[in-house]
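Right, one structure below, let's go through it.
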Amino acid sequence: MLLKEIGAIIPGERAGGAAVETEVSGVYTSDLLSDVMAHAQEGQALVTIQAHKNTVAVATLVGLPAIIICNDRELPEDMIESAAQEGIAIFRTALDQYEVSGRLWEAFKQ
Amino acid sequence: MIVRADLHNHSCLSPCASLEMSPSRLAAEARAAGVGVLALTDHNAAFNCPAFAVACAREGIIPLFGMELNPREEAHLLALFAAPRLALEFARRLEPLLPPVPLRPDVLGDEVVVDADENVLELYDLWLGAALDAGFDELARMASDAGGLVIPAHVDRPAMSVYSQLGFLPEGPYDAVESIGPVPRALCGEHAIISGSDAHYPEHVARRPFEIELPDEPAQALRKEQVRFASDCPIGSFAVGDNDDRAHRTDGELMVSMPAKGLARTFAPVSAGAESPLWEALLVLPCVTKYPEGSARDFMESFRAALHEKKVKPTHVSRPLVL
């Protein structure tokens, strides 16, 4: 799935970097960064409420092209800057983790 | 006497801290701001505590030696000890709990072990910001059993705090609770509330200290011994090496490509593990073995008692507590 397709499924705003044609291989949902570090796979999008710069660092380490921030959590300026620098896309949505994961699960099944 | 204290500060060992934050720079900035009791609390490690002992003695500041622990829940916790040896030995027990995530300095920053003269001793190569494989309660108990002061850190921060991760403060052997602003009972219980700078850059030092009322005698006794200790650890006494490698001179340029100098020349590569020669080298340094532990323990106990009696006045910023 391409980044722009995620944008079509998940309503909200976009920040950070990464081209719309970037390929996303799957999804990992977690609010514990150490768990993301241990279990997320390169190429996946991360669904989380952890709206801060550390999330971008972990995404960079694991190789996650996108972070989807749920519940309309506010994005700190340094998080957006860091994501732009690292070429990681951020989606911010009012949906919660369950709903976002469900929508993406359906989309990836097709 | 009323003393200004600041118990939450990072040095260049923390990957997220400025390379300019050598222990000696931290101590100098703190003294200039009138801080009398200062703690070093790098993430999950204490390698810069020997340098901090010397730096504080030179500046006439009383040090506490600690670390900011990152438990499984990712709610941060300060653990503070009276002497560099005690902090190093406690931190050594954390190494097996640190997940072996190699440090990528280009993404996460450098982790630089230095001496009190800003010679680079070692570059640590595992990411110290990772969560330890132990729970919040477990680490609090470990630190308390080892005789440390235990203080949940920035409990009202919107990330990496008991507030963001748990929503409440679990019961535990705490000596105080650190917050950035005023907090409700659910986040501090009956404990004394202190403020802390969480300094990562020189300009952050002493931005949120707290005042504490301490008995004169233990502090004065320790200060006297610190003067002798400082003369036992003259400049250049524990690093061989080249002063051109001063951490503060890098001005934010990474040292990733720079080979570690000084003592590090005699070290095997640091790959953590309890048998790391870095530990052996640090634990036998004069600034560790000659530290006045007896009077330092007495002082820390007087400090603990003052915390329990809530003889403290935090510097809180007023801001709404929102998640």
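Quick one: would you say A:A38 is surrounded by fewer than 16 Cβ atoms within 10 Å (Cβ to Cβ), at pLDDT below 90, away from every other protein chain (no Cβ under 14 Å) and not in a strand (DSSP E or B)? Let's see the steps before the verdict.
Working: surrounded by fewer than 16 Cβ atoms within 10 Å (Cβ to Cβ): yes; at pLDDT below 90: yes; away from every other protein chain (no Cβ under 14 Å): no; not in a strand (DSSP E or B): yes.
When the stated conditions are applied, A:A38 does not pass them.
Scanning the stretch B:101-160 for residues that are among the hydroxyl-bearing types (S, T, Y) and within 27 Å of B:R25 (Cβ to Cβ) turns up just one, B:Y124. Entry remark, the stretch B:47-72: residues being farther than 17 Å from B:D198 by Cβ, away from chain A (no Cβ under 14 Å) and part of a loop (DSSP other than H, G, I, E, B) number 3 in total. Being closer than 25 Å to B:D106 by Cβ and either aliphatic (A, V, I, L, M) or within 14 Å of chain B (Cβ to nearest Cβ) (or both) holds for only one residue in A:L33, A:L2, A:L104, A:L95, and it is A:L33. Within the stretch A:47-62, being aliphatic (A, V, I, L, M) and within 7 Å of chain B (Cβ to nearest Cβ) holds for A:A57, A:L61.
Each residue in the stretch B:135-156 was checked for being within 14 Å of another protein chain (Cβ to nearest Cβ) and surrounded by fewer than 20 Cβ atoms within 10 Å (Cβ to Cβ), and 1 of them qualify. Scanning the stretch B:89-131 for residues that are at positive phi and within 13 Å of chain A (Cβ to nearest Cβ) returns a single hit, B:G109.
Only one entry of A:I90, A:I80 meets the criterion of being surrounded by 16 or more Cβ atoms within 10 Å (Cβ to Cβ), more than 12 Å from chain B (Cβ to nearest Cβ) and in contact with a helix residue (DSSP H, G or I) (Cβ under 6 Å, 6 or more places away or on another chain), and that entry is A:I90. As a summary of the residue check, A:Q50 satisfies the conditions (1) assigned to a helix (DSSP H, G or I); (2) polar (S, T, N, Q); (3) closer than 25 Å to B:W127 by Cα except for the one numbered (1).
Check the stretch B:5-25 and report whether any residue there is part of a helix (DSSP H, G or I) and more than 10 Å from the chain's Cα centre (by Cα). Yes.
Criterion applied to B:P71, B:P63 was being under 28 Å from B:V3 (Cβ atoms) and touching a strand residue (DSSP E or B) at 6+ places or on another chain (Cβ under 7 Å), and the one residue passing it is B:P63. When B:L321 is tested against the conditions (1) modelled with pLDDT under 95; (2) exposed (fewer than 13 other Cβ atoms within 10 Å of the Cβ), the lone failure is (2).
The values are calculated or read from the model by the stated rules, or taken from the named source; none is laboratory data. The structure displayed is predicted, hence computed values, not measured ones. When we count neighbours, we look across all protein chains shown, and the Cβ atoms used for this are built from the backbone with ideal geometry, even at glycine.
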